[in-house]
Amino acid sequence: MKTNQIYDYIERLGNLLRTDSRRSGAKHGLQPVQIEALRYLSLCNRYSDTPMATTEYLGQTKGTVSQTLKVLEKKGFLNKETDVNDKRVVHLKVSRAGNKLLQKFIPSLQFVNACEQLPDQTQAQIIASLKALLQTTQSTNGMKTFGVCHTCRYNQKIKNHQYFCKLTQEPLSSDDVQLICREHETGGE
């Protein structure tokens, strides 16, 4: 079995990415977990941009995530908005400054340069293999997938650029279906 080899390569790549993240974040007084939270919030939909969903996605404690969000808000990278329908719910929106920061550092220049050295076919094989490994890890361990809406079993295409979530019973835009959702269940497109 090649489990140890796969683990070693992924673990090493993870360490290299965290080192890049630590170096980039240090210039702005941010830790890797803070950059990870900001990245997640830049990719998720309105059902998934809450402190609880962020905690689930990152696999961190509520306290760690709470402190992370406070730092991001204090530095102007994140804004909190109260839900218009339920005042108990807070949505976390990445600010313009937060988006600029992410565009500058994610993915890191070192990672981009390394990927660009690989032929397109190799890149496609890596993507397919990592996707399969991620999906298998999530399904065999009962983890949430946090997938994008257009691949979700609840997503229904009504007509061009109009979609409907059968779980929440709400319309979705073509932009919405490209975002990560905590309610995602495999089985769509």
Note down all Cβ pairs under 9 Å where the first residue falls in segment 170-189 and is polar (S, T, N, Q), the second is loosely packed, with under 12 Cβ neighbours inside 10 Å, and they're at least six residues apart or on different chains. Ser173/His161; Ser174/Asn160; Ser174/His161; Thr186/Ser139
How do the helices (runs of 4 or more DSSP H) wholly within segment 8-112 filter down when requiring 2 or more residues that are surrounded by fewer than 17 Cβ atoms within 10 Å (Cβ to Cβ) and among the charged types (D, E, K, R): which remain? 62-74, 96-105
For Cys149: the one exception among (1) under 28 Å from Gln162 (Cα atoms); (2) surrounded by 12 or more Cβ atoms within 10 Å (Cβ to Cβ); (3) more than 18 Å from the chain's Cα centre (by Cα); (4) not β-branched (Val, Ile, Thr): (3)
Members of segment 113-158 that are assigned to a loop (DSSP other than H, G, I, E, B) and within 26 Å of Asp49 (Cα to Cα): Asn141, Gly142, Met143, Lys144, Thr145, Phe146, Gly147, Arg153, Tyr154
Test result for Lys75, closer than 24 Å to Glu183 by Cβ, of a type in the set (Lys, Arg) and outside the structural domain of Ile127 (by TED's automatic domain parsing): no
Boolean, Met1 is within 30 Å of Glu170 (Cβ to Cβ) and surrounded by fewer than 19 Cβ atoms within 10 Å (Cβ to Cβ): no
Failed condition for Ile127, given (1) free of Cβ contacts under 8 Å to residues at least 40 places away in the same chain; (2) closer than 26 Å to Thr145 by Cα; (3) not assigned by TED's automatic domain parsing to the domain that holds Phe146: (3)
Has segment 53-62 got any residue that is over 28 Å from Asp175 (Cβ atoms) and modelled with pLDDT of 90 or more? yes
Taking the options Pro107, Pro32, name whichever one is at pLDDT below 95 and in contact with a Ser or Thr (Cβ under 6 Å, 6 or more places away or on another chain). Pro32
What do you reckon, is Gln162 modelled with pLDDT of 90 or more, of a type in the set (S, T, N, Q) and over 20 Å from Leu43 (Cβ atoms)? no
Of all residues in segment 52-81 being of a type in the set (D, E, K, R) and without any contact (Cβ under 8 Å) to a residue 24 or more places away in the chain, which is farthest from Ala37 (Cα to Cα)? Glu81
Do you know which of the residues in segment 17-30 that are touching a helix residue (DSSP H, G or I) at 6+ places or on another chain (Cβ under 8 Å) and without any contact (Cβ under 8 Å) to a residue 24 or more places away in the chain is farthest from Leu130 (Cα to Cα)? Arg22
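The values are calculated or read from the model by the stated rules, or taken from the named source; none is laboratory data. Everything numeric in this text was worked out from a predicted model, so none of it was measured. In this analysis, Cβ positions are derived from the backbone assuming ideal geometry, glycine residues included, and neighbour counts consider all displayed protein chains.
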